[in-house]
Amino acid sequence: LWEQAHYNACCEPKKYDPTFKGPIYNRGCTDIVCCILFIICILGYVAVGILAWSQGDPRKVIYPTDSRGQFCGQAGTPLETKPLLFYFNIMKCASPMVLLEFQCPTTQMCVEKCPDKFMTLLKAYTNKEDFKYYKNFCKEGLEGADCSCYVPITRRCFPALGQKKGGEITVGNNSKFDDGEGNIRDAKDLVAGVKNATVVIEARQVAMKIFEDYTQSWYWILIGLVIAMLISLLFIVLLRFLAGIMVWVMIVMVILVIGYGIFHCSMEYVSLKSEAGSNVTLKDLGFQTDFSVYLHIRQTWLAFIIILAIVEVVIILLLIFLRNRILIAIALIKEASRAIGYVMSALFYPLFTFALLSIVIAYWAVTAVFLSTSNQPIYKVFNETACDHSRKICEPAVSPAFPLAHAECPDSKCLFAFYGGETVYHKYLIGLQFYNVFLFFWCANFVTALGQMTLAGAFASYYWALVKPDDMPAFPIFSSLGRSLRYHTGSLAFGSLILSIIQIIRVLLEYIDHKLQGTQNKCTKFLLCCLKCCFWCLEKFIKFINRNAYIMVAIYGKNFCTSAKDAFFLLMRNMIRVAVLDKVTDFLLFLGKLLIVGLVGIFAFFFFSGRVKAFENTAPNLHYYWVPILTVVVGSYLIAHGFFSVYAMCVDTLFLCFLEDLERNDGSAERPYLMSDRLLKVLNKKNKPEPAE
């Protein structure tokens, strides 16, 4: 009995229903419980955002903070004219505690400009002008500090360390300095302090340079993205009228573009043969923030040649083995072109999806920033000598702030340590951040699912229409969008919830893997690797099931689980057609995206790198020219993916409808196939003529 039931569910085709004419209009709400849960979670998400916005302060990210927790350079405050942070004694930053708490055990104060001369308190006392200059870098009470030559780096003053030919470290052109306590110190003693104080400085420097590059090149990036959009739109329009020719042109162009990439990389590899230092290996070079350094290494271009050659060979082999199936795929693309011709508004639907995703991403990012900056300033006791009160919390507003600590440890100071808090809100701050990330995944997947179901409903109405376009809705996209939101918000939330849970587990696995990078336990590494691989495969499988489930929901109006089961068994009954026809079509559409990205990427490379003389005076001067190139390439892929995703969804919907058509109908006069004559010819099917009276 169990085997018979399994056969009926998996292998028995559906019975003919003469009343079925496409997407059902008289339908009811599905997965109501999940719909209510989604609405409650969205309301909670809004509450978290309001709470974060009321507690957070993004200034903590923008401005440096002095020892009193005040922001240097903040407009409208007494420190508005003092945008730079000066470390009272940079040598105190050599303490290992700096790496744990990101705070030097020395007074930090906001200054108008960094010191530009070498000076100590003893030296300043001997000259009235020097003493007047020295007071600019002293806090109230006039405590001694080492005042060397400093340079501003990301709004912080650091010693301007130099190096002589022999490798000797200097400060103020001197290899030694007086620390103000009668001791002559080597300049190299400052290095440890500077290194610890700049744990995050290098990353911030790179970020600032990237930001400056964007300010210099944003309009050129915008032009590149507009070009990518126009090329994508041109491809879609040409596919509408010349699908067969465009597919073959697309295949040949992809092969030529990759071939040119191999040729260009080979020329660069040969030209660097006589260059000094070009034979350095990537391992010896290590990580460099300036990516242009890698382009002067022969091994980089050799890696590019190998990667492009492998891609070229794989594509050519796939085309050779799939040459017969490509003809069937072209027929399916032609049918999709016909469908899009009747539903032209579908080409612009990705803009609506993009707008919704932008809102979701912006809300998540702003909420994350406000949550991460909603802590309160925490002050701790810092001292040079051993003290039982060291690193205990103190309050600088109270006078004296820490009488017991000051009595037992005279050198103690109450300094700003970090941002934190002891309230209930601060205790559960990590939980709120996790909730923010999870709802971001859920909302983003919901928006994507809404787009898939909307397009599926529109294209299904085209396929099942006996007389096109008379039997189709006047506005297929709007009709399908209305049905999806009115009846199937719960199904969309259910499918996107399952996918979000898997994605958040993958994020946690990546976090655990990052934390355990220093461990040498091979068993743990192997287990993590297996888990990451399994959940990656599971995510791909769930995306495949969800996509086809949304198509079935759009057509029949059933709940998510029933639709997923029906779609899965329908595909299993036609496994060979799925593997051969649908995936070959996806491969051809991927080649189209690859071609657009390749064309725009090559143009961006020659423009921003200044390799073409015609663009030398036009291209902006940048720190890293790979920043706009990478932005244009990624943006071009997203734009191309947005346009081609309409084609991909159309092909998947028509393919599932075509499988339903084969099972529902037999080509007789009573049960004719509804697919086009072109598809009938490719599949060696035909409708039998009506018998003569």
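Values computed for the structure shown
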| read-out | value |
| --- | --- |
| Rounded to the nearest 20 debye, dipole of region 462-531 from Cβ charges on Lys, Arg, Asp, Glu | 280 |
| Shape call, region 442-591: gyration tensor on alpha carbons, a/c limit 1.5 | prolate |
| Value of D in µm² per second that Stokes-Einstein yields for region 214-358, Kirkwood Rh from Cα pairs, at 25 °C (0.890 mPa s) | 128 |
| Whole-Hz ³J(HN,Hα) from phi, Karplus 6.51 cos²θ - 1.76 cosθ + 1.60, for region 242-255, glycine and proline x | 10, 4, x, 5, 5, 5, 5, 4, 4, 4, 5, 5, 4, 4 |
| Solvent-accessible area, 1.4 Å probe, carbon plus sulfur percent, for region 319-361 | 73 |
| Phi-based couplings in Hz for region 309-316 (Karplus 6.51, -1.76, 1.60; Gly and Pro marked x) | 5, 5, 4, 4, 5, 4, 5, 5 |
| Region 209-307, accessible surface, carbon-and-sulfur percent (1.4 angstrom probe) | 74 |
| Whether region 491-557 is rounded, prolate or oblate, judged on the alpha carbon gyration tensor where a/c under 1.5 counts as rounded | prolate |
| Residues with amide H under 5 Å from that of TYR379, placed H, sequence gap 5 or more | CYS394, ALA417 |
| Gap separating the Cα centres of region 250-283 and region 306-356, nearest whole Å | 28 |
| Distant-in-sequence amide H partners of LEU84 (H built 1.01 Å from N, under 5 Å) | VAL111 |
| Environment charge at SER266 (Cβ cut-off 12 Å; Lys +1, Arg +1, Asp -1, Glu -1) | +1 |
| Accessible area expressed per residue, region 588-659, with surrounding protein chains retained (probe 1.4 Å, Å²) | 36 |
| Extension gain from ILE307 to CYS537, taking 0.36 nm per residue of separation minus the Cα-Cα distance | 80.4 nm |
| Sites VAL226 and ASP666 - FRET efficiency at Förster radius 41 Å, r taken between beta-carbons, to 0.05 | 0.20 |
| Probe 1.4 Å, protein heavy atoms only - accessible area per residue of region 440-513 in square angstrom | 36 |
| Estimated vicinal HN-Hα couplings, Hz - region 561-571 in sequence order (Karplus 6.51, -1.76, 1.60; Gly, Pro = x) | 5, 4, 5, 4, 5, 4, 5, 5, 5, 4, 5 |
| Apportionment of accessible area to carbon and sulfur, region 545-606, percent (1.4 Å) | 73 |
| Distance (nanometres) between label positions extended 7 Å along Cα→Cβ at THR562 and ILE602 | 5.3 |
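The values are calculated or read from the model by the stated rules, or taken from the named source; none is laboratory data. Quantities reported herein were computed from a predicted structural model and do not represent experimental measurements. With ideal geometry, Cβ positions are generated from the backbone for all residues, glycine too; neighbour counts draw on all protein chains shown. Heads up: the accessible areas ignore ligands, DNA and RNA and are worked out on the full protein's heavy atoms, side chains in. Shrake-Rupley method; radii C 1.70, N 1.55, O 1.52, S 1.80 Å.
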